[in-house]
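Notes follow the structure.
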Amino acid sequence: MRRFDQKVVLVTGGSSGIGFAAARAFIDEGARVVITGRDPGRLDAARISLGDHAIGIRNATGSAAAAAELADSLASARLHLDAVFLNSGIARLAPLSSVTEALWAEVFDVNARGPFFQIQALRARLNDGASIVLNGSVNAHVGMDMSSVYAASKAALISLARTLSKELMAQGVRVNVVSPGPVETPLFGKLGMAAERLELAKAHIRQMVPLGRFARAEEIAATVLHLAAAESSFIVGSEILVDGGMSQL
Ligand SMILES: NC(=O)c1ccc[n+]([C@@H]2O[C@H](COP(=O)([O-])OP(=O)(O)OC[C@H]3O[C@@H](n4cnc5c(N)ncnc54)[C@H](OP(=O)(O)O)[C@@H]3O)[C@@H](O)[C@H]2O)c1
């Protein structure tokens, strides 16, 4: 018996990086997995690569309306969820002097507002005992240059794991957070930096990690599955940092 046999799992942002690795790991453990993303090409490619146990739903994380649409799509497919990995997120780096209201709104919409309203909308589709895992970040715990808005959005998300665990406890639903350190994913290529500057930035970040390297997405997925599975039944409203020691040593 595998850990997710007969289980249905939702992974937002499952078309790339950590979400894709988590979707594959859930499927390897027996789950049917619904992945979401915005870009139809990437979503389709991911669904095909994941095989018959994956379903792709195009859906943008950000607004309450989009969250309601996602819940409606799941209802139309008659799917109830045993685990949810709210993973989709964006990083934008800017010094204090250049942060605009638009940048703040974009980052908070995707990283905090979206997941909050997804939990609200998906509540009715959760099976008793379901587990929700949020994707935080080590950035919520360290004062890295130019990360103020991103870090604050992740701190907000981490706070939701506590308060919403309390609210959902009567339904037997746990909410926890995995907070990765730097992970080798396409996210860094989306920061808008020229290739040479990006390599310098990544070398600088690598130096901040006691283990001296970026994580592989599969190393984060392993903790996501642990928090999503019944084996972590006594972990509630909590956060596991998977950061190569970056926040601790
Ligand atoms: N990589 C790291 O070092 C690192 C470290 C700590 C935390 N994290 C967190 O891990 C999560 C995943 O990041 P990643 O590194 O795997 O990045 P990634 O490879 O860029 O993947 C991001 C995924 O999220 C989706 N996504 C982004 N914005 C979305 C939106 N508004 N609506 C729906 N889907 C959206 C993307 O789909 P589209 O391509 O269709 O937009 C993609 O599937 C993020 O929350 C990030 O903050 C990453």
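Read the figures in this text as sums done on the coordinates, not as results from a lab. Keep in mind it's a predicted model, so treat the numbers as computed, not measured. Cβ placement follows ideal geometry from the backbone for every residue including glycine, while neighbour counts extend to all protein chains displayed.
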Checklist entry - Arranged by the count of other C-beta atoms within 10 angstrom, fewest first, what order do H226, H141 take? => result H226, H141
Item to check | Among L198, L157, L43, residue whose mean-square fluctuation peaks in a GNM of the chain (springs only between Cα atoms under 10 Å) | outcome: L198
Checklist outcome for this item: With Cα springs under 10 Å, the Gaussian network model of the chain assigns the largest mean-square fluctuation among R162, R206, R197 to R197
Next on the checklist: Sort 230-243, 78-91 by the packing proxy (mean of other Cβ within 10 Å over each peptide's residues), most packed first.
Outcome noted: 78-91, 230-243
Checklist entry - Taking the alpha-carbon set of region 8-239, what are its Rg and Dmax in Å? => result 16.9, 52
Checklist outcome for this item: Heads up, region 148-191 by the C-alpha gyration tensor (a ≥ b ≥ c square roots of eigenvalues; a/c under 1.5 rounded, else a/b over b/c prolate, else oblate) looks prolate
Checklist outcome for this item: Applied in sequence order to region 192-200, the curve 6.51 cos²θ - 1.76 cosθ + 1.60 (Karplus, θ = phi - 60°) yields integer Hz couplings, x standing for Gly and Pro, of x, 9, 5, 3, 5, 5, 5, 4, 4
Next on the checklist: As I understand it, the dipole of region 52-205 uses +1 on the Cβ of Lys and Arg and -1 on the Cβ of Asp and Glu, about the Cα centre. Which of N176, V142, A67 lies farthest toward its positive end?
Outcome noted: N176
Checklist entry - Over region 8-239, what is the relative contact order in whole percent, taking alpha-carbon pairs under 8 Å and six or more residues apart? => result 22
Checklist entry - Taking a temperature of 4 °C and a viscosity of 1.567 mPa s, what whole-number D in µm²/s does Stokes-Einstein yield for region 147-226 with Rh from Kirkwood over alpha carbon pairs? => result 87
Checklist entry - To the nearest 0.05, how large is the calculated FRET efficiency for R78 and D52 if R₀ is 25 Å and r is the Cβ-Cβ distance? => result 0.90
Checklist entry - Taking only Cα atoms, what is the 0 to 90° angle, nearest 10, from helix 148-168's long axis to the longest principal axis of the chain? => result 20
Checklist entry - For the Cα atoms of the chain, what angle does the longest principal axis make with the long axis of helix 217-228, in degrees from 0 to 90, nearest 10? => result 40
Checklist entry - In a GNM of the chain with a 10 Å cut-off on Cα contacts, which of E106, E199, E184 has the highest mean-square fluctuation? => result E199
Checklist entry - Gain in length, I205 to N127, computed as 0.36 nm per residue apart minus the alpha-carbon separation, to one decimal in nm? => result 24.1 nm
Checklist outcome for this item: For the R197, R38 Cβ pair and Förster radius 25 Å, calculated FRET efficiency rounded to 0.05 is 0.45
Checklist entry - Over the alpha carbons of region 1-49, what is the largest minus smallest coordinate on each principal axis, giving the biggest first in Å? => result 34, 16, 14
Checklist entry - In the structure shown, do any of K7/K190; K154/K202; K7/K166 have a Cα-Cα gap over 26 Å, and if so which? => result K7/K190
Item to check | In degrees, nearest ten, helix 17-28 long axis to first principal axis of the chain (Cα) | outcome: 30
Item to check | M1/S238 FRET efficiency (R0 30 Å; Cβ-Cβ; nearest 0.05) | outcome: 0.70
Next on the checklist: Sort 112-120, 214-222 by the packing proxy (mean of other Cβ within 10 Å over each peptide's residues), most packed first.
Outcome noted: 112-120, 214-222
